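Worksheet: one structure, shown below.
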Amino acid sequence: MPAAVTVGRVTAVAWPPQADLAVALAEAADRSPPFPGVGPLPDRPIRLLLASNRARFDSLTRGRLPSWSEGAAFPDRGAIVLLSDRPSVRLSVALRHELAHLALRWRVGRPLPLWFEEGYAAVAAGEWDRLDALRLDWQVARGVHMNLDEVDHALRSDAANAAAAYGLATTAVSLLDRWGGGGAQGLTRLIDALARAPTFDAALRGTYHMTEGDFEGRWQRDVAAHYGWLGWAEAAGAFWAVVGTALAWLVWRRRRRDRERKALLDEGWTVPAPDDPTA
C-alpha cells in the first residue's frame, strides 16, 4: 500500500520501498527556487505521486501520455506524477520541469500553446541537453520546416520526433528570453502580458510588437543560424575529431606494445654463424 508524507505544502505519495525518496523529493519541491519570469511558487498545496513502474504511471495518468513520458503535471489539481523506476539525478530535473508547469499555469491562469509550456519547463529546469541533441539532428540541419503548430503535434508523437520537438520548443522560449534581456527577468514582461492578454498573439504584440507569424519566421531563421548545416558540421566535426584522436592513441599504444614485445624477443638472441648447426 502507498504511504503519504507531508513536507511543508507538498504531500508525497509513494509505494514501498521509496518512502525515503518521497521525502527527499517533497523537500526539494517545497524549497524549489523561483521560476524564470514567474518567481516563487504560490503557497498552494502540491500533491506528488511516485510511480515505481510504467504500469502504475500509466494508471495514475490514465494512459493519456506517450509511452516515453516520465512525468506529468495537472495544474488544476496541483498534482505531479513522476516515473521513479530508476531514481537518479534526472528525477530531480523531471521534478523541476513539472513544477515549472504548475508555476506557469498558476501565474497565467489558462493553458498556453504546448510548445511554449514545454519549452518554458525545459528552460526552467535547465534541460540544455535538449539543445545539444539538436546539434546532431540532420533533419534540423536541413532547415526547420515545422511551424509551431507542428511542433505541438510532434511533442506528443513518437520518442524520436518528440526529442527534436522538445529541443525546438526550448529554442523558441530561449529566443523570447534573450529578447527580454535573459536572466531571471528575461521572460517576466511576456509572462506578465500573458496573464493579462486574451491570447498568446496579443501578449506577443504587447511585449515584442510582433504577431505569432512574425515570431515563427524569426524563430525558424534563428534555429537555422544556430543548428543548420554549419552548426551540424561543427558538431559532427567535433565528434569525429574526438573519435580520430581516440583511434590515433589506440594505434600509438598498439605500436608501442609491439615494439616492447619485439625487444623482449630480441634479448639474448644470437644470430648463428653460417657453419653453426641449427635445430
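Of the chymotrypsin sites (Phe, Trp or Tyr not before Pro) in segment 75-135, the ones in a loop by DSSP (not H, G, I, E or B) with at most 16 other beta carbons within 10 Å are W128. Highest-first packing order for the peptide set 48-54, 108-114 is 48-54, 108-114, based on the mean count of other beta carbon atoms within 10 Å.
Relative to the current alpha-carbon distance between A195 and W106, full extension at 0.36 nm per residue lengthens the span by 31.1 nm. Here H226 and R64 are evaluated by their C-beta separation; at R0 = 25 Å the FRET efficiency comes out at 0.15.
A crude spin-label estimate for the pair A160 and R178, with each label 7 Å from Cα along the Cβ direction, gives 2.9 nm. Taking label points 7 Å from Cα along the Cα-to-Cβ direction, N53 and T211 give a separation of 5.3 nm. Computed extension gain for R254 through R86, at 0.36 nm per residue and net of the alpha carbon distance, reaches 56.6 nm.
Computed from the coordinates by the stated procedures, all read-outs in this text should not be read as laboratory data. Only a predicted model underlies this, so the values are computations on that prediction, with no experimental measurement involved. All Cβ positions, glycine included, derive from the backbone under ideal geometry; neighbour counts span all protein chains shown.
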